[in-house]
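Undergrad: Once you've had a glance at the structure underneath, I'll fire off some questions.
None of the figures in this text is laboratory data; all of them are computed from the coordinates on show. Keep in mind it's a predicted model, so treat the numbers as computed, not measured.
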Amino acid sequence: MTEHPPNPPMEPAAICELMELCMQTSFKFQGEIYEQLKGTPMGSPISGFIAEAVLQKLEKKVLPKIMQKLWLR
């Protein structure tokens, strides 16, 4: 087995460009092709990851201000 060199770190701009590419989706409805402009693509593996990341960021901002006895999600 050969060893591969580690991948160099990605620049934030490259990560953003890849995310934009992953978020692009089009669909055909009654013979017309449409492009989804907002939201995450339905059925895409990246949609769950993005939803989780957004919820975690929201929880970090909101939950410290709330005195909860039990938090379930």
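Undergrad: Which values of log₁₀ I(q)/I(0), to two decimal places, follow from the Debye formula for the range 12-65 at q = 0.17, 0.19, 0.24 Å⁻¹ with a uniform point scatterer at every Cα?
TA: Values returned for q = 0.17, 0.19, 0.24 Å⁻¹ are -0.68, -0.78, -0.98.
Undergrad: Now for a separate question. Hey, what did the chain get for relative contact order, percent, Cα under 8 Å, at least 6 apart?
TA: Relative contact order, the chain: 15 percent.
Undergrad: If you don't mind, there's one more thing I want to ask. Note the count of lysine pairs whose C-alpha atoms are less than 27 angstrom apart in the chain, limited to pairs 8 or more residues apart or on different chains.
TA: Lysine pairs, 8 or more places apart or on different chains, close enough: 8.
Undergrad: Grab the DSSP H runs of the chain that are 4 residues or longer, score each as -39,500 (n - 2.57), total them, divide by all residues and round the 222 nm result to the nearest 500 deg cm²/dmol.
TA: Here the helix-only value at 222 nm equals -13500 deg cm²/dmol.
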